[in-house]
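Note sheet for the following structure.
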Amino acid sequence: MRDGRPRVTRSRGLLLGDIPGILRTPGSRSVSAPAPLILLSPPPLGMRKAYPRLVDRARHCAADGFATAAIELPGSGARPRLPAAERAVADLRRAMEAGEPVGDEIIDALILPLVDRAVPEWRAALDALLSLPGVGGPVGYSGGVISIGTRLAVVEPRISAAVLFAGSFVPRAMFAEARRVTIPLHVLLQWDDEGNDRQTALDLFDAFGSQEKTLHANMGGHTGVPQFAGDAAARFFTRHLK
């Protein structure tokens, strides 16, 4: 139970072309009363590793009456490796182990090709998901690589609101895209997130063009988001998607 409501859900695997995913819907929804949809973008670790966190988020969303879907990111999990991305990861690790700054070339090579591949896949997934009985709009986006969420917020008009996790490297090119974002945003920032540039996250938040944008910053490392911060994000979606 959450807030006195039964946590009755239906969960199933997805296969969108050759892209694996997961769909969870509230048990109370029907074709005549479809559930609003939240896209849960996983971190680029593979959904198997991120599964416990994704399931927990999906269960909480279902308790609030939302359907959720997650798909495996390009180059993650069982999907084919991306050699250029793996070279960028190796360069990133070498720089960090040597205590050197992570240069723009490494960040661009790591993030921009991922965004270019992932965003069209998410849009195709959204086409398929919204054709399913019991799933409808409005649509929200939550989590993952913040540059993917930024691009989606610009190019996908069906997304009405987004919760973005400020815990990944940001190419400079994304700042121009951030200024074009107009949907309501709720940004989560872990203040002590090792390996990520806090000032870049703050600058990106400042660049977003949305009239409604909230920065929810908490002490702690990358995976230490407190429960009350997650509850605030849930209220944000309830406010904008219902």
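The values are calculated or read from the model by the stated rules, or taken from the named source; none is laboratory data. Predicted, not measured: the structure shown is a model, and the values here were computed from it. A quick note on method: Cβ atoms are made from the backbone with ideal geometry, for glycine too, and the neighbour counts reach across all protein chains shown.
Scanning the range 13-35 for residues that are touching a helix residue (DSSP H, G or I) at 6+ places or on another chain (Cβ under 6 Å), buried (at least 20 other Cβ atoms within 10 Å of the Cβ) and either in a strand (DSSP E or B) or of a type in the set (Lys, Arg) (or both) turns up at least one hit. Scanning the range 86-99 for residues that are at pLDDT below 90 and either closer than 26 Å to residue 141 by Cβ or not in a helix (DSSP H, G or I) (or both) yields a single hit, 99.
Residue by residue through the range 110-127, note down the ones that are loosely packed, with under 15 Cβ neighbours inside 10 Å and either within 17 Å of the chain's Cα centre (by Cα) or touching a residue at least 12 places away in the same chain (Cβ under 8 Å) (or both). Lay out the reasoning, then the answer.
Of the range 110-127, the ones loosely packed, with under 15 Cβ neighbours inside 10 Å are 116, 120, 123-124, 127.
If the condition is that a residue be loosely packed, with under 15 Cβ neighbours inside 10 Å and either within 17 Å of the chain's Cα centre (by Cα) or touching a residue at least 12 places away in the same chain (Cβ under 8 Å) (or both), then 116, 120, 123, 124 are the ones that fit.
So which residues in the range 42-64 are part of a loop (DSSP other than H, G, I, E, B) and buried (at least 18 other Cβ atoms within 10 Å of the Cβ), if there are any at all? Break it down into steps so the answer makes sense when it comes.
Taking the range 42-64 as the starting set, the residues that turn out to be part of a loop (DSSP other than H, G, I, E, B) are 42-46, 64.
Hits for the range 42-64 are 42, 43, 44, 64.
Contact map, the range 32-49: first residue farther than 17 Å from residue 111 by Cβ and modelled with pLDDT under 85, second residue in a strand (DSSP E or B) and of a type in the set (Ser, Thr, Tyr), Cβ cut-off under 6 Å, separation 6 or more or different chains; the map is empty. Annotation: of all residues in the range 191-203 being under 18 Å from residue 174 (Cα atoms) and surrounded by 15 or more Cβ atoms within 10 Å (Cβ to Cβ), the one that is modelled with the lowest pLDDT is 196. Restricting 170, 163, 139, 119 to residues that are of a type in the set (A, V, I, L, M) and in a loop (DSSP other than H, G, I, E, B) narrows the list to 170.
Taking the listed residues 139, 155, the one that is at pLDDT 95 or above, β-branched (Val, Ile, Thr), surrounded by fewer than 20 Cβ atoms within 10 Å (Cβ to Cβ) and within 22 Å of residue 72 (Cβ to Cβ) is 155, with no other qualifying.
Matching residues to (1) within 23 Å of residue 116 (Cα to Cα); (2) at pLDDT below 95; (3) surrounded by fewer than 18 Cβ atoms within 10 Å (Cβ to Cβ); (4) among the aromatic types (Phe, Trp, Tyr):
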| residue | (1), (2), (3), (4) |
| --- | --- |
| 177 | yes, no, no, no |
| 181 | yes, no, no, no |
| 189 | no, yes, no, no |
| 205 | yes, no, no, yes |
| 212 | no, no, yes, no |
| 222 | no, yes, yes, no |
| 226 | no, yes, yes, no |
| 234 | no, yes, no, no |
| 238 | no, no, yes, no |
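Here the range 92-109 is the region considered, the condition is being surrounded by 16 or more Cβ atoms within 10 Å (Cβ to Cβ) and touching a helix residue (DSSP H, G or I) at 6+ places or on another chain (Cβ under 7 Å), and the residue that is nearest to residue 177 (Cα to Cα) is 109. Mind listing whichever residues of the range 199-216 are in contact with a Phe, Trp or Tyr (Cβ under 6 Å, 6 or more places away or on another chain) and over 15 Å from residue 143 (Cα atoms)? Residue satisfying the conditions is 207 alone.
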